[in-house]
Amino acid sequence: MSVKVAIVYYSATGTLQAMAERLERTATDAGAEVRRRHVREIAPQAAIDSRPEWRAHVDAVAGEPVAEPDDLDWADVVLLGSPTRYGNVASQLQQLLDTTGPLWSEGRLADKVYAAFTASQTAHGGQEVTLLSLYTTVMHWGGIVVTPGYTDPVKFVDGNPYGVSHATAPRTTPRWATPSSTRSTTSHGARSTSRSASPRDLGAPGRRVPRSRVLAVGEKPWHPRRRVVRSRYTGRRWSET
Ligand SMILES: Cc1cc2nc3c(=O)[nH]c(=O)nc-3n(C[C@H](O)[C@H](O)[C@H](O)COP(=O)(O)O)c2cc1C
């Protein structure tokens, strides 16, 4: 039996949609059964129409299935995604989370693996707070929060051990970091499930699934473009990651 992964997210203009699609590909490649579901748009039509890219995205995903509480109930692993909105979770996703009372009261959201992903315009625009806000809900459910930490070298590049994040403004997140980060979080989440279940659940019968590894003290993280640079301010040298 394969691991069931629900990717539940909100996207107004397509960034989270693209991240969710990438997560879906990674989870599917890992042998998981995947439900990718965007949450229902609840903003007033006038607000949507005020931004052509928002209207275009709403129209583009009109035929796709929307997330229901049942998708959370169904899954072993839940990946929650929201754009950062004034340093917080988008109300559209929050509204879905706020309808999970019946599942919560029966303990049906407990003991699953959860991870979160977000995007913001700027690198320090509140991504960590958005992820932590989502994890607060998960803690009330009794879920198992699985964060990437620094278990993958890419985390020394995007600098966010709390989850997958992407900054849309140019020259913030390197182009390749978000794809690598989504790959690393999906496989890390699936591995974490496999610790309590069987590695066979990942769809790789008989194969041992490697554990994630935290770098040893003093060990250099891998980086494809590592080079030594000198601080403009102190003149001290350090290894750029
Ligand atoms: C109402 C609103 C609030 C936002 N707040 C922030 C913010 O606090 N920090 C930030 O860096 N970007 C902020 N953004 C930018 C979005 O987080 C960013 O564009 C995100 O990638 C949008 O994802 P989407 O394309 O999936 O909707 C905000 C955007 C909107 C519309």
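The values are calculated or read from the model by the stated rules, or taken from the named source; none is laboratory data. As the structure is a computational prediction, the values presented were derived from the model and not from experiment. Using ideal geometry, Cβ is built from the backbone for each residue, glycine included, and neighbour counts are taken over all protein chains shown.
When the residues of the stretch 103-125 are narrowed to those that are within 16 Å of the ligand (Cβ to nearest atom) and touching a helix residue (DSSP H, G or I) at 6+ places or on another chain (Cβ under 9 Å), which ends up farthest from Tyr10 (Cα to Cα)?
Within the stretch 103-125, the match that is farthest from Tyr10 (Cα to Cα) is Ala123.
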When residues of the stretch 37-63 are filtered for being of a type outside the set (A, V, I, L, M) and either free of Cβ contacts under 8 Å to residues at least 24 places away in the same chain or away from the ligand (no atom under 14 Å from the Cβ) (or both), how many remain? 10
Conditions: (1) closer than 17 Å to Leu97 by Cα; (2) touching a Phe, Trp or Tyr at 6+ places or on another chain (Cβ under 8 Å). Arg40 meets all but one. Number of the miss? (2)
Pairs, first at negative phi in the stretch 84-111, second part of a strand (DSSP E or B), C-beta under 6 Å, six or more apart: Thr84/Thr118; Thr84/Ser120; Val89/Ser82; Ala90/Ser82; Ala90/Pro83; Leu93/Ser82
Please determine whether any residue of the stretch 179-198 is at pLDDT 90 or above, surrounded by fewer than 21 Cβ atoms within 10 Å (Cβ to Cβ), more than 16 Å from the ligand (Cβ to nearest atom) and not aliphatic (A, V, I, L, M). no
For the stretch 2-10, does any single residue satisfy the condition of being more than 16 Å from the ligand (Cβ to nearest atom), farther than 15 Å from Leu96 by Cβ and surrounded by fewer than 21 Cβ atoms within 10 Å (Cβ to Cβ)? yes
Do we find that Thr147 is within 22 Å of Ser165 (Cβ to Cβ), outside any helix (DSSP H, G or I) and either within 15 Å of the ligand (Cβ to nearest atom) or among the β-branched types (Val, Ile, Thr) (or both) in this structure? yes
Say whether the condition of being at pLDDT 95 or above, more than 16 Å from the ligand (Cβ to nearest atom) and of a type outside the set (Val, Ile, Thr) is met by at least one residue in the stretch 131-138. yes
Residues of the stretch 64-80 classified as free of Cβ contacts under 8 Å to residues at least 40 places away in the same chain and of a type in the set (A, V, I, L, M, F, W, C), total: 1
Among helices (runs of 4 or more DSSP H) entirely inside the stretch 52-120, those with 1 or more residues being touching a Lys or Arg at 6+ places or on another chain (Cβ under 6 Å) and surrounded by 14 or more Cβ atoms within 10 Å (Cβ to Cβ) are 69-74
